[in-house]
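Here's the structure we're looking at; comments come further down.
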Amino acid sequence: TMPKTQKRVFGDIGEKIAENFLVNKGYIILDKNYRIRNLGEIDIVCEKNGKLIFIEVKTRDVLHETIFPIGFSINRKKRKNLKRICQLYLIDKNCLTNQEWHVDAIFINVNRETGGHDIEHLENILWEEYY
């Protein structure tokens, strides 16, 4: 196997933090890193109260990335691809056609020197009002 890049290792840390955060909020984790070629991947798929929630996890190091607000990294094309992956996931898993679902983003600011982090959870990001 290929050695993991620093960025990948860092992303994994973020996903682990996000996973713990979700489990603590009562979400059930169903899948992780669900990938569709040429479209990308969904970091975490989970369920709560019968609703499927697809999670996009964004992790950044507060010491190295202070300029751009973290939310700007999910652009229109990315959202379009996320929506498509979700639709394909529902088909792949034989979900009911009336299955309720939405996409959330979890932004994690990590301070690698202190080991501390803070989390922001944005729900239903495919709705335009966040942008």
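The values are calculated or read from the model by the stated rules, or taken from the named source; none is laboratory data. In this text, all values refer to a predicted model and were calculated from it rather than measured experimentally. In this analysis, Cβ positions are derived from the backbone assuming ideal geometry, glycine residues included, and neighbour counts consider all displayed protein chains. Note: areas computed on protein heavy atoms with side chains; ligands, DNA, RNA excluded. Shrake-Rupley method; radii C 1.70, N 1.55, O 1.52, S 1.80 Å.
Could you identify the single residue in L96, L90 that is open to solvent by 20 Å² or more (accessible area, probe 1.4 Å) and at pLDDT 95 or above? Give the steps one after another, and end with the answer.
Working: L96 fails: at pLDDT 95 or above.
Within the list L96, L90, the selection yields L90.
Can you name every residue in the range 35-65 that is over 11 Å from the mean Cα position of the chain (by Cα), more than 23 Å from N111 (Cα to Cα) and touching a residue at least 24 places away in the same chain (Cβ under 8 Å)?
Keep residues of the range 35-65 that are over 11 Å from the mean Cα position of the chain (by Cα), which gives 35-40, 47-52, 60-65.
This time we only want the ones that are more than 23 Å from N111 (Cα to Cα), so: 35-40, 47-52.
Passing the criteria: I36, L39, G40, G50, K51, L52.
Return only the number of the condition from (1) out of contact with any Cys (no Cβ under 6 Å at 6 or more places or on another chain); (2) modelled with pLDDT of 90 or more; (3) of a type in the set (A, V, I, L, M); (4) open to solvent by less than 70 Å² (accessible area, probe 1.4 Å) that I70 does not satisfy.
Failing condition for I70: (2).
How many residues, within the range 76-87, are under 14 Å from the mean Cα position of the chain (by Cα) and either among the acidic types (D, E) or open to solvent by 50 Å² or more (accessible area, probe 1.4 Å) (or both)? Show your work before the answer.
Here is the first cut: in the range 76-87, the ones under 14 Å from the mean Cα position of the chain (by Cα) are 78-79, 81-83, 85-86.
Next, only the ones that are either among the acidic types (D, E) or open to solvent by 50 Å² or more (accessible area, probe 1.4 Å) (or both) stay: 78, 83.
Qualifying residue count, the range 76-87: 2.
Which number in (1) touching a helix residue (DSSP H, G or I) at 6+ places or on another chain (Cβ under 9 Å); (2) at pLDDT 95 or above marks the one condition that R60 misses?
Of everything listed in (1) touching a helix residue (DSSP H, G or I) at 6+ places or on another chain (Cβ under 9 Å); (2) at pLDDT 95 or above, R60 misses just condition (2).
Where the second residue is crowded, with 18+ Cβ neighbours inside 10 Å and among the basic types (K, R) and the first is on the phi < 0 side of the Ramachandran plot and at pLDDT 95 or above and lies in the range 8-24, which pairs have Cβ atoms under 9 Å and are six or more apart or on separate chains?
Close Cβ pairs (under 9 Å, with a partner that is crowded, with 18+ Cβ neighbours inside 10 Å and among the basic types (K, R)) do not exist here.
When the range 99-131 is examined, which residues are found to be touching a Leu at 6+ places or on another chain (Cβ under 9 Å), more than 13 Å from G14 (Cα to Cα), loosely packed, with under 14 Cβ neighbours inside 10 Å and modelled with pLDDT under 90?
Result: E113, Y130.
Report, by residue number, each residue of the range 85-119 that is assigned to a helix (DSSP H, G or I) and among the charged types (D, E, K, R).
Quick first cut of the range 85-119, residues assigned to a helix (DSSP H, G or I) only: 85-92.
D92 - this is the single residue of the range 85-119 that is assigned to a helix (DSSP H, G or I) and among the charged types (D, E, K, R).
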